[in-house]
Amino acid sequence: MKAHIDTITDLLLGAAYADKHLEGDELTSISTMLCKLLGTDALPAAQRDRIAAFNPAKFDVKAAAGRLKFESAENKRKLIELVASVSESDEEIDMAEDAYLRKVAAGLGLSDADIKDLTIEVLEDEELDGLLAD
């Protein structure tokens, strides 16, 4: 994954901005993840600069995810889990963050079924009947 650290940085930042507001915990979470991926204690200047220069309005999530040519399903899954972790770091998951996660997955060639455990499930009206009955 180190070879793709710039694209991964962008995808994580995209997750932080998906709900249109950036929380401090999200940036801390991203920095921690990047340090672990890079095997460093401190975020390198190149990644700090990339974070500072990131423009969410110009970011194409599907194109970025499509540039990653992970052969292993395990690496794809790890990346999706990292993206989901950024979304969860503000302790609030909304539909925009869920849609973003799905776009990353699609760009990686993963289906909704592949990420079902990480996405929001919207229940249909008929599924609500008897839901609270004991």
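The values are calculated or read from the model by the stated rules, or taken from the named source; none is laboratory data. Please read these numbers as outputs of a predicted model, since none were measured by experiment. Don't worry about glycine lacking a Cβ; one is built from the backbone with ideal geometry, like all the others, and counts go over all protein chains shown.
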Within the stretch 33-44, the count of residues that are touching a Leu at 6+ places or on another chain (Cβ under 9 Å) and either outside any loop (DSSP other than H, G, I, E, B) or not hydroxyl-bearing (S, T, Y) (or both) comes to 6
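Here is a yes/no grid of residues against (1) assigned to a loop (DSSP other than H, G, I, E, B); (2) more than 19 Å from L37 (Cβ to Cβ); (3) at pLDDT 85 or above:
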site: L79; (1), (2), (3): no, no, yes
site: V83; (1), (2), (3): no, no, yes
site: Y100; (1), (2), (3): no, yes, yes
site: S111; (1), (2), (3): yes, yes, no
site: L123; (1), (2), (3): yes, yes, no
Test: T28 is outside any helix (DSSP H, G or I) and modelled with pLDDT of 90 or more = no
